[in-house]
Amino acid sequence: QVQLVESGGGLVQAGGSLRLSCAAPGDIFMITGIGWYRQAPGKQRELVATISSGGNTNYADSVKGRFTISRDNAEKTAYLQMNTLTPEDTAVYYCVKVVWRPGIAIPLVAGSWGLGTQVTVSS
């Protein structure tokens, strides 16, 4: 299974910004849907944002208007730009290959989970 590599996390003050990167090996990136997920301590992993191979995007309500997912097929990299961060955004962030079933908005995870990248937002 495809495993993507996350980077770009760190410690930031509330109201600040971070940009996460998700690098994909091989030549399949252009046809791969990408999902960013996060898991906070003591909580279940949750879907944050997705981008299809065609560039269609979707966001969790909690990040709409603050986070932007994008992709650069030439660089085989996806990004998650996070603005106006709050302590509630503190989590380990993961990117993974996703696929969609016809007529169902929530994607299925179709790759292996990586190590993630820690995002910590201080108040």
Take the residues in the range 95-108 that are β-branched (Val, Ile, Thr) and in contact (Cβ under 8 Å) with a residue 40 or more places away in the chain, then tell me which one is surrounded by the fewest Cβ atoms within 10 Å (Cβ to Cβ).
106
Please enumerate the residues belonging to the range 68-94 that are under 16 Å from residue 46 (Cβ atoms) and either of a type in the set (D, E, K, R) or without any contact (Cβ under 8 Å) to a residue 24 or more places away in the chain (or both).
88, 89
May I ask you to list pairs of residues, at least six apart or on different chains, whose Cβ atoms are under 8 Å apart, with the first in the range 15-31 being free of Cβ contacts under 8 Å to residues at least 24 places away in the same chain and the second being open to solvent by less than 80 Å² (accessible area, probe 1.4 Å) and of a type in the set (Ser, Thr, Tyr)?
31/53
Are any residues in the range 46-63 surrounded by fewer than 15 Cβ atoms within 10 Å (Cβ to Cβ) and over 24 Å from residue 102 (Cα atoms), and if so, which ones?
62
Any idea which residue in the range 74-85 is farthest from residue 26 (Cα to Cα), counting only those that are over 11 Å from the mean Cα position of the chain (by Cα) and open to solvent by 50 Å² or more (accessible area, probe 1.4 Å)?
84
What do you reckon, is residue 43 of a type in the set (Lys, Arg), out of contact with any helix residue (DSSP H, G or I) (no Cβ under 7 Å at 6 or more places or on another chain) and under 20 Å from residue 113 (Cβ atoms)?
yes
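The values are calculated or read from the model by the stated rules, or taken from the named source; none is laboratory data. Keep in mind that this is a model prediction, so the values were computed, not measured. Please note: Cβ atoms are built from the backbone with ideal geometry, for glycine as well, and neighbour counts cover all protein chains shown. What goes into the accessible areas is simple: the full protein's heavy atoms, side chains included, and nothing from ligands, DNA or RNA. Shrake-Rupley method; radii C 1.70, N 1.55, O 1.52, S 1.80 Å.
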